[in-house]
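> After the C-alpha cells below, expect a handful of questions from me.
The values are calculated or read from the model by the stated rules, or taken from the named source; none is laboratory data. Everything numeric in this text was worked out from a predicted model, so none of it was measured. Every residue, glycine among them, receives a Cβ derived from its backbone with ideal geometry; neighbour counts consider all protein chains shown. Note: accessible area is taken over every heavy atom of the protein model, side chains too, but ligands, DNA and RNA are not part of it. Shrake-Rupley method; radii C 1.70, N 1.55, O 1.52, S 1.80 Å.
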Amino acid sequence: MLYRISSGWARIELGLAAFLAVCITLLVLLNVVTRTMGNALFWVDELAIYAMAWMTFLGASAALHHRTSVSVTLVPDVVSPKVKVVILKVVDVIVFAFAAAMLYFCWRWFMPLEFARAGFDAKTFQGNTFNFIYAEPTSTLGLPKYMFWTIMWVFAFGATLHSTMHLLRPVQPDSAP
Amino acid sequence: MSPIVFLAALFLSVPVAIVLIATSIWYIWESGNIVLYDSFAQKMFGGLENYGLLAIPLFMLTGELMNEGGMTKRLINMARVFVGGFRGGLAYINLLANMFMAAIIGSATAQIAVMSRAMVPAMEDEGYDRGFAAASTAAGGLLAPVIPPSMMFVIFGVLAQVPISEMFIAGIIPGILLTLSFALVITIIGWRQQFPKGTWMTGSEAIQAVLYAVPALLIPVAIIGGIVLGIATPTESAAIASLIAFIVGWLVYGELKPTHLAEMFKRTAVNASMIIFMIAAASVFGWVIIYEELPQKLAGLITSVTSDPFMFFLIVNLSLLLVGMVIDGIAAIILITPILLPIAVGNYDISPHQFGVVICLNLVLGLLTPPVGIGLYIASSMSETSPGAILKALWPFLLAVTIVLILLSYFADLSTMLI
C-alpha cells in the first residue's frame, strides 16, 4: 500500500519535473527572442530559475523513491549479501532521518501555528516572531517569495514518504543504491 | 565527530547530497548553533538561485535531442572525410568524432555511452582489437568535460564565481592539446600493431558527407560561437542549441519523433535534478566549511610543505586522482572547489580558470579508473567488453592525460591565454 502511494507520488513528481524542464527551455528561449528584439522581459530569468529549483527538488525526491541518487557504492559492492542488507537498512534510516529533519526545518521556518495564531496576517506575525518569511518579495515577479519556497514543504513531504516506504520494506536483493 | 559522520555516511552509500546535508545538520547540532536550522531550508533553496545553473538542464536536453536526432552518425561520417584514409583511419575518426561530440554534449558519461554503441562494433568489423576500440572510445569521452560546453565547467563556474563563458574559453586550448595527445597515442600504437588500412572517400561521397553534417555542426557553432563572440550567455546558447538540435533532428534529418519529447524531457529532469540537488546540498555544507575554516586550516598544512604553485598543483592532482577514483566527478567538484579554490587563489596566486581546468580534467579521469569508474563500466557494457580488457588498452591514454595534466598545471597560459 505504502509502496503504491510512494510510487504513484514519484510518478507525479517526475511528470511535474519534466513539465518544468519544458518551461525552463521555453522561458530561456523567450528571453533570447525578446532580448534580440531589444525588448527584454525582465521577469523571465527569475521565473526560469524558480522553475529550475522546483524541478530539482521534485526530481530529487523522486530519486529517493527510485534510489537513483549519486552515491559511493564501494563498500556495499564488496561485502557479503547479508552485510549489504544491513548497510542498506542503515542507509534507509539515515535518509529517513534526513527527510524528517527537512520537515522540522520547514516547520521552524514557516511557523504555521504562529501564522495561524496571527490570523494569517503577515504584519502581526512578523511583529510577534521577527520572522519575515511572509513579507519577503521576489525581485521582479511581483509575487511574495514564500509561494516559491513552498516547494521545500513538498520536497520534505515527498522525501519522508519515499524514505518511510523504503524503511518499512524489506531490502530487495537487487536494489543497489 | 562531523568528519566521522561524513565519511561513515559517504562509504555506507548514502546519496552524496544527503551526506552533505546530514553532516551539516550534525555539525550545527554539535556546535550548538541551532538557530541556523531556521534558515536551513531557505539556504538550500537559495543555493539554486543562480542563472548559470539553468545551462545544466538545457545542455542535457541538447544531448538527448542530438542522440535521438541521428546526428551522431552524420558527425562520424564527416570525420571519415578528414582522417578516414590514414592507416588506423577508424581510430582517428573515433577521436575526431568524439571532439565534435564534445562540443555538443557536456557530459563524459553520456558521450561514452553514445560513442561506444556507435564506434566499437564498426571498429571491430574492420579488424581492430575490441579492447582497444572500447578504450579509445572511452578516452575520447574525456574530451567532453574540457571542450566547451562542459557541465563540469558550468558547475565550477557557479561555485567559483567565475563567468561560465570564460571557463568555456579556457577549455579550448587544453581540449585541443588533449585531442592531439590522444592522436599521438593512436599513431604510436598503430605503428606497433599495424592497424587496418583506411580508405579515402571519393570526392562526391566526401562532399555529400560534409553537406549532411552541416546542419548538425550548427550546434557547436552556435554554442561556441555565441559564447566566444559574447553574443549569448552560456545559458542562452544552450537553449538555442537545443532548439537547433530539435529542428535539425525533426525536420532536416527526419529521425526525431516529437512523440518522444516527453520521455526526453523526463530524462533531462531526472539527470539535471540529480546534479543540481547536490549544489543545493553543498550550499548548506558551505556553513561547515566556513565555520570550521577548512580552507585556512588546510592552507596552513600545505603551505608548510611547499610555497611553489606547481608543487601545490602536483599535491592537489595526486590527491584528486584518489578522490576521483571513489567519488563521481561532479560530486567531487562540488565538494572540493569551495575548499581548495581559496587556497589556490589566495595562497598560491593561481588563476581560478587554470585551477578549474586542471581539477575538472583530473576528476573526470576517475570515470575511467576502478574501483568506481562509471565511464569504464558504461563503455564495457555498451561494447560488451570486459573492463579488464579495456583497461589493458586504456593505460597509454591515461598516461597521455597525466602528461597533459602536468603541462596544464605548469603552464598557466594554456588555460588563460584566450580569455
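> Being at the interface with chain B (Cβ under 10 Å from one of its Cβ atoms) and surrounded by fewer than 20 Cβ atoms within 10 Å (Cβ to Cβ), is that true of even one residue in the range A:153-163? Even if it seems obvious, please write down each step before you answer.
Residues of the range A:153-163 that are at the interface with chain B (Cβ under 10 Å from one of its Cβ atoms), as a first pass: A:153, A:155-156, A:159, A:163.
Those left that are additionally surrounded by fewer than 20 Cβ atoms within 10 Å (Cβ to Cβ): A:153.
Within the range A:153-163 (the criterion being at the interface with chain B (Cβ under 10 Å from one of its Cβ atoms) and surrounded by fewer than 20 Cβ atoms within 10 Å (Cβ to Cβ)), the answer is yes, since at least one residue qualifies.
> Right, next: If we only count helices (runs of 4 or more DSSP H) wholly inside the range B:27-103, which ones have 1 or more residues that are within 10 Å of another protein chain (Cβ to nearest Cβ) and basic (Lys, Arg)? Please lay out each step first, then the result.
Numbers: elements: B:40-46, B:55-68, B:71-83, B:89-102.
Fully inside the range B:27-103 and qualifying: B:40-46.
> Quickly run through the range A:88-110 and pick out the residues that are in contact (Cβ under 8 Å) with a residue 60 or more places away in the chain, over 21 Å from residue B:35 (Cβ atoms) and at the interface with chain B (Cβ under 7 Å from one of its Cβ atoms). It would help to see each step written out before you state the result.
Of all residues in the range A:88-110, those in contact (Cβ under 8 Å) with a residue 60 or more places away in the chain come to A:88-89, A:91-93, A:95-96, A:98-100.
Among the residues that remain, those that are also over 21 Å from residue B:35 (Cβ atoms) are: A:88-89, A:91-93, A:95-96, A:99.
Listed by number, the residues that qualify are A:91, A:95.
> Sticking with this one: Please tell me if residue A:107 is over 20 Å from residue B:274 (Cα atoms), in a helix (DSSP H, G or I) and within 19 Å of the chain's Cα centre (by Cα).
Values: over 20 Å from residue B:274 (Cα atoms): yes; in a helix (DSSP H, G or I): yes; within 19 Å of the chain's Cα centre (by Cα): yes.
Criteria met by residue A:107.
> Checking residue B:216 against (1) aliphatic (A, V, I, L, M); (2) at pLDDT below 90; (3) surrounded by fewer than 19 Cβ atoms within 10 Å (Cβ to Cβ), which single condition isn't satisfied?
Unmet for residue B:216, out of (1) aliphatic (A, V, I, L, M); (2) at pLDDT below 90; (3) surrounded by fewer than 19 Cβ atoms within 10 Å (Cβ to Cβ): (3).
> Also, I was wondering about something else. If you go through the range B:232-252 one residue at a time, do you hit one that is touching a helix residue (DSSP H, G or I) at 6+ places or on another chain (Cβ under 7 Å), in contact (Cβ under 8 Å) with a residue 60 or more places away in the chain and surrounded by fewer than 21 Cβ atoms within 10 Å (Cβ to Cβ)?
So far as the range B:232-252 goes, yes, one or more of its residues are touching a helix residue (DSSP H, G or I) at 6+ places or on another chain (Cβ under 7 Å), in contact (Cβ under 8 Å) with a residue 60 or more places away in the chain and surrounded by fewer than 21 Cβ atoms within 10 Å (Cβ to Cβ).
> Under 7 Å between Cβ atoms, which residue pairs at least 6 apart in sequence (or on different chains) link something in the range B:352-376 that is in contact (Cβ under 8 Å) with a residue 40 or more places away in the chain with a partner that is of a type in the set (D, E, K, R) and part of a helix (DSSP H, G or I)?
B:353/B:166
> Still on this structure, please answer the following. Can you give me the number of residues within the range B:16-69 that are closer than 30 Å to residue B:144 by Cα and in contact with a Leu (Cβ under 8 Å, 6 or more places away or on another chain)? If you could, list the steps in order and put the result at the bottom.
From the range B:16-69, those closer than 30 Å to residue B:144 by Cα are B:16-21, B:44-69; that's our starting set.
Narrowing the set further to residues that are in contact with a Leu (Cβ under 8 Å, 6 or more places away or on another chain) leaves B:16, B:19-20, B:65, B:68-69.
Result for the range B:16-69: 6.
> Among the residues of the range B:340-353, is any within 14 Å of chain A (Cβ to nearest Cβ), under 27 Å from residue B:419 (Cβ atoms) and open to solvent by less than 30 Å² (accessible area, probe 1.4 Å)? Can you show your working first?
Residues of the range B:340-353 within 14 Å of chain A (Cβ to nearest Cβ): none.
Within the range B:340-353 (the criterion being within 14 Å of chain A (Cβ to nearest Cβ), under 27 Å from residue B:419 (Cβ atoms) and open to solvent by less than 30 Å² (accessible area, probe 1.4 Å)), the answer is no, since none of the residues qualifies.
> Still on this structure, I have one more. Here are the criteria: (1) more than 10 Å from every other protein chain (Cβ to nearest Cβ); (2) farther than 26 Å from residue A:138 by Cβ; (3) open to solvent by less than 30 Å² (accessible area, probe 1.4 Å); (4) among the polar types (S, T, N, Q). Tell me which single one residue A:80 does not satisfy.
(3)
> Keeping to the range A:42-74, report how many residues are open to solvent by less than 10 Å² (accessible area, probe 1.4 Å), more than 17 Å from the chain's Cα centre (by Cα) and at the interface with chain B (Cβ under 8 Å from one of its Cβ atoms).
1
> Quick check: anything in the range A:10-20 small (Gly, Ala, Ser), part of a helix (DSSP H, G or I) and more than 9 Å from every other protein chain (Cβ to nearest Cβ)?
Just the residues of the range A:10-20 that are small (Gly, Ala, Ser), to begin with: A:10, A:15, A:17-18.
Cutting the leftovers down to part of a helix (DSSP H, G or I) gives us A:10, A:15, A:17-18.
Still in the list and also more than 9 Å from every other protein chain (Cβ to nearest Cβ): A:10.
Scanning the range A:10-20, I find at least one residue that is small (Gly, Ala, Ser), part of a helix (DSSP H, G or I) and more than 9 Å from every other protein chain (Cβ to nearest Cβ), so the answer is yes.
> Still on this structure, I have one more. Answer yes or no: is there a residue in the range B:111-119 that is of a type in the set (Val, Ile, Thr), crowded, with 19+ Cβ neighbours inside 10 Å, farther than 30 Å from residue A:151 by Cα and out of contact with any His (no Cβ under 9 Å at 6 or more places or on another chain). Full working, then the answer.
Step one: of the range B:111-119, the residues of a type in the set (Val, Ile, Thr) are B:112, B:114.
Remaining after also requiring crowded, with 19+ Cβ neighbours inside 10 Å: B:112, B:114.
Now restrict to residues that are farther than 30 Å from residue A:151 by Cα: B:112, B:114.
Checking which are out of contact with any His (no Cβ under 9 Å at 6 or more places or on another chain) leaves us with B:112, B:114.
Yes - at least one qualifying residue is present in the range B:111-119.
> Kindly provide the set of residues from the range B:262-282 that are farther than 16 Å from residue B:45 by Cβ, of a type in the set (S, T, N, Q) and open to solvent by less than 10 Å² (accessible area, probe 1.4 Å), ordered by number.
Narrowing the range B:262-282 to residues farther than 16 Å from residue B:45 by Cβ: B:262-272, B:274-275.
After this cut, where a residue has to be of a type in the set (S, T, N, Q) as well, the list is B:268, B:271.
The one that is farther than 16 Å from residue B:45 by Cβ, of a type in the set (S, T, N, Q) and open to solvent by less than 10 Å² (accessible area, probe 1.4 Å): B:268.
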